[in-house]
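Notes follow once the structure below has been shown.
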Amino acid sequence: MLRLFRFYRRQFRLRARRQWLLARAIRRRRALAAVADRTAAIRPDDILLFMVMRNEAVRLPYFLDYYRNMGIRHFLVVDNGSEDGGRDYLRTQPDVSLWLTRASYKESRFGMDWLNWLLRKHGSGHWCLTVDPDEFLIYPHCDTRPLLALTDWLDASAARSFSAMLLDMYPKGSLHEQPYRSGQNPFEIARWFDPANYSIRKNGAYGNLWIQGGVRGRVFFHDDPENGPALNKIPLVRWERWYAYASSTHMLLPRSLNLVYDEDGGEKASGCLLHAKFLSTFVEKSAEELTRRQHYADSHEYKAYHDALQGGPEFWCEHSCELHDWHQLEELGLISTGNWA
C-alpha cells in the first residue's frame, strides 16, 4: 500500500511539473519575434530540427548541410541576440524559420521555455531533433540509411524517443594550432575522443540515465567530477503537444519518454551526438559566456573552462581514440544497434 501511495504521489508531482513547464513555455512565447516564419511549408512527414543559438555564424554553413544531408526538412531556430551576422545568414535560408529574442537565456530555463513552445506549436506529430549548433547526431547505419529510415523503424517499434550520448571531440595539440574556418567539417580538426572514463547512474524521479565524465571530466572537472556536465541526451522525439523538456534535452515529461534503455539485459538502439565544442573558437566563446553568466549554476561550467584554458590544457592523451565511423563507436559500447538490423 505504501509503495502504491508513493507511486501515485510521484505521478501527481510529475504531472504538475509538466503542466508548469508548459505554462511557462506558453507565457515565454511573447519574447519571440518572428524574423522569417516559413512554417507553413512544413509537410506532415517532415523531420524537424529545433535549436537556440547565439553568435554561431561560423558554424552554421556546415551544420545546415550536415543535417540537410541526413534528412532534416525544416529548421526552427531561436536567435538569442546574435551580433556576428548569423541571424542575417539564416534569414536567407529557404528551409529555416527564425525567431529573435533578446530576453534572458537564463530566465528562459536556458532556452528550453522557447523551444518547448515551438515544439508544442509546430512539432506535434513530427519526429523532432533538438540540438545545439555544435552537436552532430550519429546513429547506427547512418552511413547508408537516412534519418527517415531510423524514425520509420522507431515508429514500427512503437518507440517515441531515441537517446544519444554527448561525445566530446577534441584535436591533438593546442586549440590554436588548427583554426576553424566557416563551412569546414569540424571533425577534420576535432578527430579524437575518450573511449572510456564515463560514470552512469539512474535518476530515480525521472527514470533517465545520468552520464558524466569523458574528456571534460578528465581535463576540467578532475577534482570535482560530480559537478561535471551531463552527457546523457534524448534529442530525437516523436513530439506531442503535452510533452516538455524538463532539463535541457537530458530528460522529458511524461516520464516514460526517458526509458530509452533496457533494464532486462537487452539493448535498445542509441546514438551519439558528436560534440564539436573544442575548436579554435572555444576560447573566445567561453570568455563571452563567462562574462554573460547566462548558463546553469551562474556559469560554473564556463568558469571551469576559463580557468583551465589559462594553462593551455592538453586534451589528447595516450588513451584517446581517433574517430573512424559508427561501427567503432558500437564496438566501444557508446552506441547500440539494438534489434535494428
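The numbers here are math on the coordinates, done by the rules we state, and not lab data. Quantities reported herein were computed from a predicted structural model and do not represent experimental measurements. Note that each Cβ is placed from the backbone with ideal geometry, even for glycine, and that neighbours are counted across all protein chains shown.
Below is a table of values for the structure above.
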quantity	calculated
Value of D in µm² per second that Stokes-Einstein yields for segment 48-165, Kirkwood Rh from Cα pairs, at 4 °C (1.567 mPa s)	86
Whole-number D in µm²/s for segment 103-233 (Stokes-Einstein; Kirkwood sum over Cα pairs; 25 °C, 0.890 mPa s)	138
3J(HN,Hα) from dihedral phi, segment 33-47, Karplus parametrisation 6.51/-1.76/1.60, rounded to Hz, x for glycine, proline	10, 5, 9, 8, 9, 10, 5, 5, 7, 5, 9, x, 9, 5, 8
Residue with peak Gaussian network fluctuation, the chain [Cα springs, cutoff 10 Å], from N197, N80, N258	N197
Lys, Arg +1 and Asp, Glu -1 on Cβ, resulting dipole of the chain about Cα centre, debye, nearest 20	2280
Listed residues P179, P140, P254, most fluctuating in the chain (Gaussian network, C-alpha, under 10 Å)	P179
Nonlocal amide H pairs with K277, under 5 Å, H built at 1.01 Å	M169
Helix-only mean residue ellipticity at 222 nm for the chain, each DSSP H run of n ≥ 4 adding -39500 (n - 2.57), per residue, nearest 500	-8500 deg cm²/dmol
Highest average packing first - 59-70, 206-217, Cβ atoms within 10 Å	206-217, 59-70
Proximal aspartates and glutamates relative to K303, as straight alpha-carbon distance under 12 Å, when same-chain residues fewer than 8 apart are discounted	E288, E289
Directionally averaged shadow of the chain, computed from the convex hull of its alpha-carbon atoms, nm²	17.5
Translational diffusion coefficient (Stokes-Einstein; Kirkwood radius from C-alpha pairs) of segment 1-81 at 20 °C, 1.002 mPa s, in µm²/s	132
Prolate/oblate/rounded label for segment 211-278 (Cα gyration tensor, a/c 1.5)	prolate
Order of S163, S124 - criterion: other Cβ atoms within 10 Å of each residue's Cβ, fewest first	S124, S163
GNM result for the chain, Cα springs below 10 Å: residue of A158, A41, A33 fluctuating most strongly	A158
Selection from A164, Y206, F75 lying farthest towards where the dipole of the chain points positive, charges on Cβ	Y206
